[in-house]
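Structure record follows, encoded as structure tokens.
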Amino acid sequence: KIEGYSIWDMGQMEVTELITVLQNIADPGTKRAAKKLAARLKDIENIGLGYLNLNRAGSTLSGGEAQRLKIVRHLGSGLVGITYIFDEPSAGLHPRDIVRLNALLLQLRDRGNTVLVVEHNKAVIDIADEIVEVGPKAGRDGGSIIFQGPLEALMKADTPTGLWFREPMAINRNPRKSRSFLKLRDCKVNNLKHLSVD
């Protein structure tokens, strides 16, 4: 055991808790390795996945979680001159996590890599060096490049995305009233810890 924990115990901890345990290891023989591992885990925490544990099966991760873990893995590889393609990495993310995601994407780019992102989130599109809009619609009505350039030019373009960027955010002042509820009781799978909600 290390600091009273077995490897299994550490694998069961949430990443955020495990970082603290690793940072408190004082044994000279393991301190250096623990410090490196804590730094990698900090990247996972910074992308909003601090609630995961290392014993969690990959098949139980959502698409967004798996994609963000992939970004962290590539950050640690040290490779340059690589082209990365990410499909909707912001899907399901809280706005604060999108800021973290953007920071990771920029780190990958700044290391000398090409980062291509298929995205519909304004906050992610905002950081792009070059934007390519494909359309004008989907399916057989799409497939043509209808805009290519920087964000400043997109903001003036008469394309669906350009118009969408200029549109003020609307708030529904009269939301529907609920008539019934889906009742969830004592949910305790993966990240859920005995959650009950209507």
Hits in the range 43-57 - residues which are touching a strand residue (DSSP E or B) at 6+ places or on another chain (Cβ under 8 Å) and either within 22 Å of PRO95 (Cα to Cα) or open to solvent by 60 Å² or more (accessible area, probe 1.4 Å) (or both): GLY50, TYR51, LEU52
Unmet requirement for LEU108, which otherwise passes all of (1) touching a strand residue (DSSP E or B) at 6+ places or on another chain (Cβ under 8 Å); (2) of a type outside the set (Ser, Thr, Tyr); (3) over 24 Å from THR16 (Cα atoms): (3)
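Residue by residue, here is whether (1) surrounded by 15 or more Cβ atoms within 10 Å (Cβ to Cβ); (2) modelled with pLDDT of 90 or more; (3) part of a loop (DSSP other than H, G, I, E, B) holds:
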{"residue": "ALA33", "(1), (2), (3)": "no, yes, no"}
{"residue": "LYS36", "(1), (2), (3)": "no, yes, no"}
{"residue": "LEU41", "(1), (2), (3)": "yes, yes, no"}
{"residue": "SER59", "(1), (2), (3)": "no, yes, no"}
{"residue": "GLY64", "(1), (2), (3)": "yes, no, no"}
{"residue": "GLY78", "(1), (2), (3)": "no, no, yes"}
{"residue": "GLY81", "(1), (2), (3)": "no, yes, yes"}
{"residue": "TYR84", "(1), (2), (3)": "yes, yes, no"}
{"residue": "SER90", "(1), (2), (3)": "yes, no, yes"}
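This table checks each residue for (1) without any contact (Cβ under 8 Å) to a residue 40 or more places away in the chain; (2) open to solvent by less than 90 Å² (accessible area, probe 1.4 Å); (3) on the phi > 0 side of the Ramachandran plot; (4) in a helix (DSSP H, G or I).
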| position | (1), (2), (3), (4) |
| --- | --- |
| VAL117 | yes, yes, no, no |
| GLU133 | yes, yes, no, no |
| LYS137 | yes, no, no, no |
| ILE146 | yes, yes, no, no |
| THR161 | yes, yes, no, yes |
| PHE165 | no, yes, no, yes |
| ARG185 | yes, no, no, no |
| LYS193 | yes, no, no, no |
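The values are calculated or read from the model by the stated rules, or taken from the named source; none is laboratory data. Source: prediction; values computed, not measured. Glycine also receives a Cβ, built like all others from the backbone with ideal geometry; neighbour counts cover every protein chain displayed. Side chains are part of the model used for accessible areas, which takes the heavy atoms of the whole protein and leaves out ligands, DNA and RNA. Shrake-Rupley method; radii C 1.70, N 1.55, O 1.52, S 1.80 Å.
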